[in-house]
Amino acid sequence: MSLWLPVQPCRRWYARLAGVIVAAAWAGLPVCAATLEEVTVTATKRPMGIDEVPFGLTVLGAETLDRTGAREFRDYLASVPGVSFSDGGLADVKINIRGLSTDVYSEIRPATAVYLDDTPLTDPGAHFIVQSPASPELVDIDRIEILRGPQGALYGAGSLGGAIRIVTHKPDPTAAEAATGMDVSITEHGDESYEVDTLVNVPLSDVTALRAVGYYNDQGGFIDNLGTLRNDVNASLRRGARVAVRMARPEHLDATLTFAHHDRSSPGLNIANLSLDHYQQRTLMPDAYQDEWELLSLAMEHRSDGLEIVSATSYLDRWWRQLSDISGFLDVFGVSGTVQADAQQDLNEFSEEIRIGSDLGTDSHWLVGLYYLKRDQELRQTFPAPGFDAATEGLGEAFGAADNLGMGGTTFDHEDVALFGEWSFSLVRGVQLVVGTRWQHMEEDANTNGAGLLYGGAARTSKHWAGSGFSPNVSASFRPTDVYTLYVTASKGFRSGGPNYAPVSEDLCEKSLGALGLTHVPASYESDHVWNYEIGARVRSRDERIALSASAFRINWSDVQILGFLSCGTGFVDNAGTARTNGVELELSWRVGADWTMQGNASYLDARLERDVPILGVDAGDRLPGVPHWSVNASLTYEHNITSSVVGYIRTDLQYVDAREGTFVPEGAPRLRAPAYALGNLRLGCEGARWSAAFYLRNAWDEYATYARVDDFGLHPSGDWNTVGRPRTAGLRIDWRFGQRQH
């Protein structure tokens, strides 16, 4: 027998898709009985089967992560229905769930919450500079849970479109374990990559254990900078470690103390200019980035007499620095030269969540909790422009910053307090009702001290914002048997508002503000919120070989936070307009026989503005940026015992993402569009009791995958650009294990 593999350089995506479908159908002939693994999740902050969850949920287990070679966000996000992202390299991964997006590269504040276990990792950003969440390396991960749809009741601000939970393996007091792995790969048009990681689990007593993970990942670049004459500038180096100590006393206290450190650096961005050949960019100054974060967390669980008390305490310390070439900005003043923006952020965040849950019977459960977050954030920026004053007759000095477009800093003090609760109970046999809500109060102070054109001259401002609100959810599920569930859900999500911290010179920007009917910039902007209305079903065949889930939803987005740029060179945030998303999601897992497994999913999203947005000059009916209509993912795995102790497997994956609209542009201007792309991956491996080895081929036909197409509005010297995926990459991964492997 032979298996069709998508490695030929076919240029039409639907021919490749047809090949996979034919192969899947051919492989689908029954072989012998086999079942799918049952999945238990904690997405609702208590253990439950995935078939019982009344909203869209995708779970990626450790085996799936290993066999797809996932190490960070971009490696798995494209395989989840209803999820889209843009990848500028470095830490600039913008995640959208169910089409909630106002830009292709950044958001005012993140619309997707990200957690490592129970610790929030989402970076709040700072309007003009929004970073992706602190990204842990996916080493020794038990599973990833992607919650689709707003999760305001249980997860609070930032879970506007959904949440991502990365769940680590806990230290195991019952068995010693150690493992190490090495990965070497070669990328077409680029440089080699090297990775090594290791873990060790050491029982310290009958009830305590230590588990440690370390990794070093040197990713070769593949984009050449014609301006600085440097090749492979988007290379990145990631290093880090995670150490956890656990004390587990059954029916008493289970406590885990975890420390994690991660740093990442890169000499360039993962962007390619539209005006140049593939995988080329041109800047006058290098773009560079460095990101370091440390996390200390303590999770405690106590069970007694039907009660469960959970405490999750964490402290996150993050620092990053980004250098960006914005020399094109000088065109506003009719001069030439260079400007290298230098932005640095220090962030310290403390969070505490305490919740109590109780089982009141097989069909009844309640949960109440208290949440507190304190964040101190400092953003420092400078925009040196050598020779600017000589070319403009001292304009920079007149605004208090000679040969500099601006220099200064802003400190943010943010506090959240929330009370939340949820009650699940049975109305009649087979019908479960879940009612929950969250009250959250947020305050933020922003204090700015700066000088220069971009600060409107010497500026010292203090601004305050405060807001409160409720985020309810209600769902009803009908589960007459264990093989299918029908559910309906209505849920609310929101993002925090905040002060407009960036000073705007009313003299310099009088004309720009007047065009919007304004005389000054609003002092703050309010929270935006969404309502999600969803109906869905989960079906599992009686022989446990087929699992199917489907959902349809409507999301109404109100008071949308919009970042509007003024022609005078700065901008502000406002609440403008409404939007909506209509969508359908489908997921299928089919254990065809003892050796064959098929998995696939598809989603359709129609995300549009519902009202004109004067601040952007865009109209009702315009599609939201960066959101594909269609995305389709499929995988086929063949697994067979080569010997009594060695298992071999072949896995093929296909990802198709439809065309996406680019950044909003004023009416009448051409809007960029990112073309559709299709990626095919292949992995061949074998696993023994103490080792495993796999050869892999990613992006098998070397597709030029455009994640997002960004209208740069003249900031970069060579104009608009793409964020692009990695070209064809071939590699070898080898792992060794010692002791008992944790499952």
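Within segment 276-307, can you find the residues that are surrounded by 17 or more Cβ atoms within 10 Å (Cβ to Cβ) and acidic (Asp, Glu)?
287, 291, 292
Do we have residue 461 as buried (at least 21 other Cβ atoms within 10 Å of the Cβ) and outside any loop (DSSP other than H, G, I, E, B) here?
No: the conditions fail for residue 461.
Report every pair of residues separated by at least 6 positions or lying on different chains whose Cβ atoms are under 8 Å apart, first residue within segment 400-416 and within 30 Å of residue 351 (Cα to Cα), second aromatic (Phe, Trp, Tyr) and surrounded by 17 or more Cβ atoms within 10 Å (Cβ to Cβ).
Close Cβ pairs satisfying both conditions: 408/455; 410/501; 412/501; 416/371.
List pairs: first in segment 492-504 and β-branched (Val, Ile, Thr), second modelled with pLDDT under 90 and open to solvent by less than 10 Å² (accessible area, probe 1.4 Å), Cβ under 9 Å, 6+ apart or cross-chain?
Once the first residue is β-branched (Val, Ile, Thr) and sits in segment 492-504, its partners that are modelled with pLDDT under 90 and open to solvent by less than 10 Å² (accessible area, probe 1.4 Å) give 504/513; 504/571; 504/572.
Go through (1) assigned to a loop (DSSP other than H, G, I, E, B); (2) touching a Leu at 6+ places or on another chain (Cβ under 8 Å); (3) under 30 Å from residue 52 (Cα atoms) for residue 538 and report which single condition fails.
Result: residue 538 fails condition (1) only.
Can we say residue 106 is open to solvent by less than 50 Å² (accessible area, probe 1.4 Å), of a type in the set (Ser, Thr, Tyr) and modelled with pLDDT of 80 or more?
So residue 106 fails the test.
Right, residue 409: buried (at least 18 other Cβ atoms within 10 Å of the Cβ) and either of a type in the set (Gly, Ala, Ser) or at pLDDT 95 or above (or both) or not?
So residue 409 fails the test.
With (1) touching a residue at least 24 places away in the same chain (Cβ under 8 Å); (2) of a type outside the set (D, E, K, R); (3) farther than 29 Å from residue 347 by Cα as the list, and residue 428 as the residue in question, which single condition is left unmet?
(1)
Consider residue 678 against the criteria (1) at pLDDT 95 or above; (2) of a type in the set (A, V, I, L, M, F, W, C); (3) out of contact with any strand residue (DSSP E or B) (no Cβ under 7 Å at 6 or more places or on another chain): it satisfies all of them except one. Which criterion is unmet?
(3)
Quick check on segment 320-330. Is at least one of its residues within 26 Å of residue 233 (Cβ to Cβ), among the aromatic types (Phe, Trp, Tyr), open to solvent by less than 50 Å² (accessible area, probe 1.4 Å) and within 22 Å of the chain's Cα centre (by Cα)?
Checked segment 320-330: at least one residue is within 26 Å of residue 233 (Cβ to Cβ), among the aromatic types (Phe, Trp, Tyr), open to solvent by less than 50 Å² (accessible area, probe 1.4 Å) and within 22 Å of the chain's Cα centre (by Cα).
When you go through 708, 700, 694 one by one, which is the residue that is open to solvent by less than 10 Å² (accessible area, probe 1.4 Å) and either β-branched (Val, Ile, Thr) or modelled with pLDDT under 90 (or both)?
Result: 708 is the single residue among 708, 700, 694 that is open to solvent by less than 10 Å² (accessible area, probe 1.4 Å) and either β-branched (Val, Ile, Thr) or modelled with pLDDT under 90 (or both).
Checking residue 221 against (1) more than 22 Å from the chain's Cα centre (by Cα); (2) part of a loop (DSSP other than H, G, I, E, B), which single condition isn't satisfied?
For residue 221, the failing item is (1).
Quick one: in segment 442-470, which of the residues that are more than 32 Å from the chain's Cα centre (by Cα) and aliphatic (A, V, I, L, M) is nearest to residue 374 (Cα to Cα)?
459
Looking at residue 451, is it modelled with pLDDT of 90 or more, open to solvent by 10 Å² or more (accessible area, probe 1.4 Å) and closer than 30 Å to residue 385 by Cβ?
yes
Among the numbered criteria (1) part of a loop (DSSP other than H, G, I, E, B); (2) open to solvent by 40 Å² or more (accessible area, probe 1.4 Å), which single criterion is violated by residue 514?
Every listed condition holds for residue 514 apart from (1).
List every residue pair whose Cβ atoms lie under 6 Å apart, where the two residues are 6 or more positions apart in sequence or sit on different chains, the first residue falls within segment 364-390 and is open to solvent by 10 Å² or more (accessible area, probe 1.4 Å), and the second residue, located anywhere, is part of a loop (DSSP other than H, G, I, E, B).
Partner pairs satisfying both residue conditions: 383/339; 386/403; 387/337; 389/402; 389/403.
Residue check, residue 234 against (1) more than 26 Å from residue 349 (Cβ to Cβ); (2) touching a Lys or Arg at 6+ places or on another chain (Cβ under 8 Å); (3) buried (at least 22 other Cβ atoms within 10 Å of the Cβ), all met but one. Which one?
(2)
So, residue 723, is that one touching a Pro at 6+ places or on another chain (Cβ under 8 Å), open to solvent by less than 40 Å² (accessible area, probe 1.4 Å) and at pLDDT below 95 or not?
Taking the combined requirement at face value, the residue does not satisfy it.
Could you give every pair whose Cβ atoms fall below 6 Å, whose first residue belongs to segment 474-488 and is under 21 Å from residue 532 (Cβ atoms), and whose second residue is basic (Lys, Arg), counting only separations of at least 6 or pairs across chains?
Note: pairs meeting the criteria are 485/479; 485/538.
Please give the number of the condition residue 536 fails out of (1) in contact with an Asp or Glu (Cβ under 6 Å, 6 or more places away or on another chain); (2) in contact (Cβ under 8 Å) with a residue 60 or more places away in the chain.
(1)
Kindly list the number of the only condition in (1) under 24 Å from residue 136 (Cβ atoms); (2) modelled with pLDDT under 95; (3) charged (D, E, K, R) that fails for residue 206.
(1)
Would you pick out the residues in segment 464-504 that are assigned to a loop (DSSP other than H, G, I, E, B) and surrounded by fewer than 21 Cβ atoms within 10 Å (Cβ to Cβ)?
472, 482, 483, 500
The values are calculated or read from the model by the stated rules, or taken from the named source; none is laboratory data. Note that the coordinates shown come from a computational prediction; the quantities given were computed from them, not determined experimentally. Note that each Cβ is placed from the backbone with ideal geometry, even for glycine, and that neighbours are counted across all protein chains shown. To get the accessible areas, we keep the full protein, side chains included, count just its heavy atoms, and leave off ligands, DNA and RNA. Shrake-Rupley method; radii C 1.70, N 1.55, O 1.52, S 1.80 Å.
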